[in-house]
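K.L.:
After the structure tokens below, expect a handful of questions from me.
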Amino acid sequence: VLHVTTRKGKGYLPAEEHPEKFHGSSPFVIETGEPITKGSRPGYTQIFGEELTRLAHEDDRILAITAAMPSGTGLDIFAREHPDRFFDVGIAEQYAVTFAAGLAAGGFKPVCAIYSTFLARAYDQVIQDVCLQNLPVVFAIDRAGLVGEDGPTHHGAFDLTYLRAVPNITIVAPASARELSMAIRLALSSGKPFAIRYPRGECPVDETQEFDAPLEIGRGVLVGEELGDVCFVAVGKPVYEALSAAENLRKEGVRASVFNARFVKPFDEKTLEMLGRNFRLIITVEDNVVAGGFGEAVASMYARAGIEVVCENIGLPDRFMPHGSPGELYRLVGLDSESLARIARARLNESGAASESAKNERVKQTARIQQAIKRALSSFFGLL
């Protein structure tokens, strides 16, 4: 048996001291290892790590678990202040989830932080050890959606689909930094399996006051009118693309609104039914595969409720996504604001043409009926 211990970054001190940071790096200054360009806003990962660390000061039952990704998940922040309540189990996601289940059964509040693509490795444990037992484990699912240059192995394209199928779990996809902070607090107080999925990268500039509304399980928030031409129903980061698309459409005279659904399971059926009855077009938007995702759940709900509304599902296609920046990939699959606006215009024009055609057909049908009645009356009076 030959046991080899690898030292990442061997020979380059910055990489030796921060191996995760150099697992996949942007351009950096060779002398220091610091990135050439730094983000101006905090990222979702940082928001998660800081909020969980603050909450752990208030509740000593909160524990944090990761599978060899402390800085990648933001738990390095937690580990510095609560080292006795932080557990890195190595590259063993299955063990991390089962360990979290055992801690939850013992009265603790474990938070299991794992990348979306890697949580799939522990799917059996999520089902059998956590959800079947209905244990209060919080899954912090980082790198959800399109992660960019890490490529097809790391895109978080499937978590909404594979988690939606599991009973007992609540799934929330916060769009803003404030929503993410609220989601962590809500998850820890819920007493049930709870998944929070959020993307890699900086949080968008958030000036949407509606997103300040308290987070309530199964409820979303509407930005815009309660009736009109098109309503984008979005979850997570794509909410901001939908907001931009709606703003551009309104400049063209289209009555466009955005519903930030927030929750994928359970989702806000009552509000969505109202929207389906008051808009000509519903466009669901998610950075998850369309197959089995949030949009298909919404379309299925409309079918069951007998609501005849055009429901277009926009998300990731049925193929593995390539390497590329998130912006490039959003444009590739039609998740960017320009593509969403273009799709909305096309569908509205199609439905308008179909509506006009149906109207013309009704007029012709009425004329045919009137002619038939006239002929019948003429024949009747002729016999008299």
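K.L.:
Looking at T284, T271 in this structure, which one is β-branched (V, I, T) and either open to solvent by 10 Å² or more (accessible area, probe 1.4 Å) or assigned to a loop (DSSP other than H, G, I, E, B) (or both)? Reasoning before the result, please.
P.N.:
On the way: T284 fails: either open to solvent by 10 Å² or more (accessible area, probe 1.4 Å) or assigned to a loop (DSSP other than H, G, I, E, B) (or both).
The conditions single out T271.
K.L.:
Here is a follow-up. Tell me which of these Q46 doesn't satisfy, since it passes every other one: (1) on the phi < 0 side of the Ramachandran plot; (2) open to solvent by less than 50 Å² (accessible area, probe 1.4 Å); (3) of a type outside the set (D, E); (4) within 24 Å of the chain's Cα centre (by Cα).
P.N.:
For Q46, the exception is condition (2).
K.L.:
Does G334 meet the test of being closer than 20 Å to V147 by Cα, open to solvent by less than 30 Å² (accessible area, probe 1.4 Å) and touching a helix residue (DSSP H, G or I) at 6+ places or on another chain (Cβ under 8 Å)?
P.N.:
yes
K.L.:
With the checklist (1) touching a Pro at 6+ places or on another chain (Cβ under 9 Å); (2) closer than 30 Å to S325 by Cβ; (3) open to solvent by 40 Å² or more (accessible area, probe 1.4 Å) in hand, flag the one item K109 doesn't pass.
P.N.:
Condition (2) is where K109 drops out.
K.L.:
Sort out which residues of the stretch 244-266 are open to solvent by 10 Å² or more (accessible area, probe 1.4 Å), closer than 10 Å to S337 by Cβ and touching a residue at least 60 places away in the same chain (Cβ under 8 Å), and write them in order of number.
P.N.:
If we filter the stretch 244-266 for residues that are open to solvent by 10 Å² or more (accessible area, probe 1.4 Å), which is where we start, we get 244, 247-248, 250-255, 265-266.
Now restrict to residues that are closer than 10 Å to S337 by Cβ: 244, 247-248.
Of everything in the stretch 244-266, those that are open to solvent by 10 Å² or more (accessible area, probe 1.4 Å), closer than 10 Å to S337 by Cβ and touching a residue at least 60 places away in the same chain (Cβ under 8 Å) turn out to be S244, N248.
K.L.:
Hey, another quick one. Hey, could you check the stretch 76-103 for residues that are of a type in the set (A, V, I, L, M) and open to solvent by 10 Å² or more (accessible area, probe 1.4 Å) and say which is farthest from Q46 (Cα to Cα)? Spell out the reasoning first.
P.N.:
Initially, the stretch 76-103 is screened for residues of a type in the set (A, V, I, L, M), giving 77, 79, 89, 91-92, 96-97, 100-101, 103.
From the residues that got through so far, the ones that are open to solvent by 10 Å² or more (accessible area, probe 1.4 Å) too are 77, 79, 89, 91-92, 103.
On the way: I77: 8, A79: 13, V89: 21, I91: 22, A92: 23, L103: 25 Å.
So the residue we want is L103.
K.L.:
Is it the case that some residue within the stretch 197-220 is under 26 Å from G148 (Cα atoms), of a type in the set (V, I, T), out of contact with any Ser or Thr (no Cβ under 8 Å at 6 or more places or on another chain) and open to solvent by 40 Å² or more (accessible area, probe 1.4 Å)?
P.N.:
Looking through the stretch 197-220, at least one residue is under 26 Å from G148 (Cα atoms), of a type in the set (V, I, T), out of contact with any Ser or Thr (no Cβ under 8 Å at 6 or more places or on another chain) and open to solvent by 40 Å² or more (accessible area, probe 1.4 Å).
K.L.:
Just checking, how many residues over the stretch 299-314 are in contact with a helix residue (DSSP H, G or I) (Cβ under 6 Å, 6 or more places away or on another chain), open to solvent by less than 20 Å² (accessible area, probe 1.4 Å) and closer than 22 Å to A341 by Cα?
P.N.:
0
K.L.:
Evaluate the following for I62: is it surrounded by 10 or more Cβ atoms within 10 Å (Cβ to Cβ) and in contact with a Ser or Thr (Cβ under 7 Å, 6 or more places away or on another chain)?
P.N.:
Values: surrounded by 10 or more Cβ atoms within 10 Å (Cβ to Cβ): yes; in contact with a Ser or Thr (Cβ under 7 Å, 6 or more places away or on another chain): no.
So I62 does not fit the description; no.
K.L.:
How many of the residues making up the stretch 128-154 are assigned to a loop (DSSP other than H, G, I, E, B), touching an Asp or Glu at 6+ places or on another chain (Cβ under 9 Å) and on the phi < 0 side of the Ramachandran plot? Spell out how you get there, then give the answer.
P.N.:
The initial filter retains those residues of the stretch 128-154 that are assigned to a loop (DSSP other than H, G, I, E, B), namely 132-137, 143-144, 146-154.
Narrowing further to those that are touching an Asp or Glu at 6+ places or on another chain (Cβ under 9 Å): 135, 137, 143-144, 146, 148.
From what's left, on the phi < 0 side of the Ramachandran plot: 135, 137, 144, 146.
Total satisfying the criteria: 4.
K.L.:
All but one of (1) over 22 Å from G327 (Cβ atoms); (2) part of a loop (DSSP other than H, G, I, E, B) hold for V230; state the number of the condition that does not hold.
P.N.:
Evaluating V230 over (1) over 22 Å from G327 (Cβ atoms); (2) part of a loop (DSSP other than H, G, I, E, B) leaves (2) as the failure.
K.L.:
List, please: which pairs have Cβ atoms under 9 Å, are six or more places apart or on different chains, and start with a residue in the stretch 1-25 that is free of Cβ contacts under 8 Å to residues at least 40 places away in the same chain and end with one that is among the β-branched types (V, I, T) and assigned to a loop (DSSP other than H, G, I, E, B)?
P.N.:
Y12/I30; P14/I30; P14/T32
K.L.:
For the stretch 223-243, give me each residue that is out of contact with any helix residue (DSSP H, G or I) (no Cβ under 7 Å at 6 or more places or on another chain) and either surrounded by 19 or more Cβ atoms within 10 Å (Cβ to Cβ) or aliphatic (A, V, I, L, M) (or both). Step through it out loud before you land on a result.
P.N.:
Within the stretch 223-243, the first condition is being out of contact with any helix residue (DSSP H, G or I) (no Cβ under 7 Å at 6 or more places or on another chain), and the residues that meet it are 225, 228, 236-240, 243.
Correct list: G228, G236, K237, P238, V239, Y240, L243.
The values are calculated or read from the model by the stated rules, or taken from the named source; none is laboratory data. Just so it is clear, the model here is predicted, and its values are computed rather than measured. Every residue, glycine among them, receives a Cβ derived from its backbone with ideal geometry; neighbour counts consider all protein chains shown. In case anyone asks, the SASA skips ligands and DNA or RNA and just uses the protein heavy atoms, side chains included. Shrake-Rupley method; radii C 1.70, N 1.55, O 1.52, S 1.80 Å.
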